[in-house]
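The values are calculated or read from the model by the stated rules, or taken from the named source; none is laboratory data. Predicted, not measured: the structure shown is a model, and the values here were computed from it. Backbone-built Cβ (ideal geometry, glycine too); neighbour counts: all protein chains shown.
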Amino acid sequence: MSQMLDMSKYPILASLSEYNALKAFDIAKKQALAAELRAYMLEIVSSNGGHLASSLGVVELTVALHSVFDFPEDKLVWDVGHQCYAHKLLTGRAEAFSTLRQKDGLSGFPKINESEYDAFNTGHASTSVSAALGMAAARDLKGSDEEIIAVIGDGALTGGLAFEGLNNAGDIKSKLIVVLNDNNKSIADNVGALSQHLARIRTAPGYGKTKKGVKRVLAKLPLFGNPLIAFIDKTKRMLKTMLLSDYFFEELGFVYLGPFDGHDIKGLCEALENAKQYSGPVLVHVITEKGRGYVPAQQHPDQFHGVAPFDIEDGQSKKQPCRTYTNAFSDALLELASENNDIVAITAAMPDGTGLAAFAEKFPERFFDVGIAEEHAVTFAAGLAAAGKKPVCAIYSSFLQRAYDQIMHDVAIPALPVVFAIDRAGIVGEDGETHQGIFDLAFLRTIPNLVIMAPKDEAELQLMLRSGMSYNLPVAVRYPKGAAQSIKANNLQEIKLNSWEILREGNAFSIIACGSMVAEALKAAEALAEKGMSVQIVNARFINAVDEEILASAVDCGKLLIIEEGIANGGLGSLIKEALVNEQIMIQHIALPCEFIPQGSRKELLDEYGLSAEGIISAAEKAGWLL
């Protein structure tokens, strides 16, 4: 963990020994505080990595929220939560901020068990309105009077759960303030009709003045005692739809306020004070700039969404570039799409992170970014497949779990040939529990008709993508974050469905590994060979079914060690144990516990949980298998 920093460079922030001290600051001092918050964030994130552009964009909004409301009595729910760095700095965590995203340090997201000022755990998008509405309903039942505030970005507002929450809020009519942080971004540029609607609000000339004038005129139109009542009523609604861009939110039952300059602290405080006066749901529309105050992040907010350590002077990453599994996937898909015009690609707001940006550039008419809407992405892919296309749906492992029902109901039951490219499978690292991709093997293996594959290296990933498209079944190919392995030249043109492979012969015991763990198994075998032990290595590249012939060969060794980068319950180990329930064989199983894995570097966590060559040797030694 990093050492605590000297706070003398940030005197205003350091003076906030008492939380309420901020409220007494004048606007000039609050603006100076905002500058310190940005400088401190830059210093720490440039060293530790993290979510920078989103946090830089909400500094003034955060200062205004903490000026107007009384947290933690009032409740603040951040959507996604990656923009909460200024909030952490203002709530007693400034001195510990140097530990951000490090093992045993501060989380990069709101955490209930980290601070009483964090009202709700978040890490995935579109949850804030529903959670805040639940808190508001609980407050009403208790008869208390605290304010409940949800801050949601326009990117997160593309998720269906956000609409469900807004719809229910308008029905319940509990007092609730929703702050719409509109920066025209999720990670990449926002997409969709709602984004276009918000853009029209942002760019409408004289919007506020027009809105007030139209409302005054419309209020005078008669609705009763006039023979033209039906026509006037219809005309009034039509005029409101055409002239009042807030009509969408008002029809949902919200009072709409805005749009406001999200970097004007004084104006924001006035707007939030005004919002407090209403007794029902209020939406405060705030326009911000992602990456505000740091030129590289302003110019390239997508690149500074989630960053590795970088040089503040020029914004260049300190991380040595390497070829990743994402790169390998991207190249393979481009090659396949060049051969087959029916191949289409789908992402849920992450074209860069999933490696689909190159596909979007080369085949724009066959690329679909659906916004932060994983459920829709999967069913949309199912519709494409049902109509004869070959959709490849690229989604991070921890986000794919949001679409579990759609995978089962819309893809697997009709056995539609959708290919799921599951990036960031296994340990992800510093983003912690909400982002670790450790459950996909277990939850996917329960779904019939779904072929699940995990490549041992780059070449096998590319071959799996090609082979998967020939199976005419739903296919999931899962691969980890980080550098791609290159283990073995492969002359195959296609991988036979449900086939495993023996990579190394041996008779002391057998190691069955899948995906990223195959390389670790081979390292362990090399180390043991130097001690005179011969170990068999099996690449279990399919996780939905066993290769009975190769499993029988592994059983012949009499001792079996299984290793996988996923939870122990329900994955490869469970598959093999189910197949060997009547066999007399010694089995060791190395996997992650069925619990939420905390933050830390990928290497730290793999070592801690024994998912390494050293872990394999240690497990075999404890079992008494080493000579």
The condition from (1) at pLDDT 95 or above; (2) surrounded by fewer than 14 Cβ atoms within 10 Å (Cβ to Cβ) that residue 319 misses is numbered (1)
Hey, residue 331 hits all of (1) farther than 21 Å from residue 469 by Cα; (2) surrounded by fewer than 23 Cβ atoms within 10 Å (Cβ to Cβ); (3) touching a helix residue (DSSP H, G or I) at 6+ places or on another chain (Cβ under 9 Å) but one; which does it fall short on?
(1)
For a quick check of your reading of the model, give me the residue pairs whose first member lies in the range 333-356 and is without any contact (Cβ under 8 Å) to a residue 60 or more places away in the chain, whose second is among the hydroxyl-bearing types (Ser, Thr, Tyr), with beta-carbon atoms closer than 6 Å and at least 6 apart or on different chains.
347/354; 356/347
Which members of the range 54-85 meet the condition of being among the aliphatic types (A, V, I, L, M) and either over 19 Å from residue 296 (Cα atoms) or at pLDDT below 95 (or both)?
61, 63, 64, 65, 68, 76, 77, 80
Only one residue in 448, 391 is farther than 23 Å from residue 356 by Cβ, outside any helix (DSSP H, G or I) and in contact with a helix residue (DSSP H, G or I) (Cβ under 7 Å, 6 or more places away or on another chain). Which one?
448
Looking at (1) of a type in the set (S, T, N, Q); (2) modelled with pLDDT of 95 or more; (3) touching a helix residue (DSSP H, G or I) at 6+ places or on another chain (Cβ under 6 Å), which is the only condition residue 490 fails?
(2)
Check residue 605 against each of (1) in contact with a helix residue (DSSP H, G or I) (Cβ under 9 Å, 6 or more places away or on another chain); (2) hydrophobic (A, V, I, L, M, F, W, C); (3) surrounded by 15 or more Cβ atoms within 10 Å (Cβ to Cβ) and name the one condition it does not meet.
(1)
For the range 251-263 the number of residues that are in a loop (DSSP other than H, G, I, E, B), under 13 Å from residue 285 (Cα atoms) and not small (Gly, Ala, Ser) is 2
Conditions first: (1) in a loop (DSSP other than H, G, I, E, B); (2) more than 21 Å from residue 284 (Cβ to Cβ). Residue 43 passes all but one, so which condition is the exception?
(1)
In the range 433-451, what count of residues is obtained for those that are touching a Phe, Trp or Tyr at 6+ places or on another chain (Cβ under 7 Å) and either closer than 29 Å to residue 502 by Cα or not hydroxyl-bearing (Ser, Thr, Tyr) (or both)?
4
Checking residue 39 against (1) among the hydrophobic types (A, V, I, L, M, F, W, C); (2) in contact with a helix residue (DSSP H, G or I) (Cβ under 9 Å, 6 or more places away or on another chain); (3) closer than 26 Å to residue 172 by Cα, which test does it fail?
(3)
Tell me, which residue of the range 286-309 that is assigned to a strand (DSSP E or B) and at pLDDT 95 or above is surrounded by the fewest Cβ atoms within 10 Å (Cβ to Cβ)?
287
Can you name the residue in the range 408-423 that is touching a residue at least 60 places away in the same chain (Cβ under 8 Å) and under 21 Å from the mean Cα position of the chain (by Cα) and, of all such residues, is nearest to residue 123 (Cα to Cα)?
423
Restricting to the range 144-176, name every residue that is assigned to a loop (DSSP other than H, G, I, E, B) and either in the same structural domain as residue 429 (by TED's automatic domain parsing) or without any contact (Cβ under 8 Å) to a residue 40 or more places away in the chain (or both).
144, 145
Being in contact with a helix residue (DSSP H, G or I) (Cβ under 8 Å, 6 or more places away or on another chain), surrounded by fewer than 19 Cβ atoms within 10 Å (Cβ to Cβ) and not acidic (Asp, Glu) is the filter here; which residues of the range 396-416 pass it?
401, 404, 414
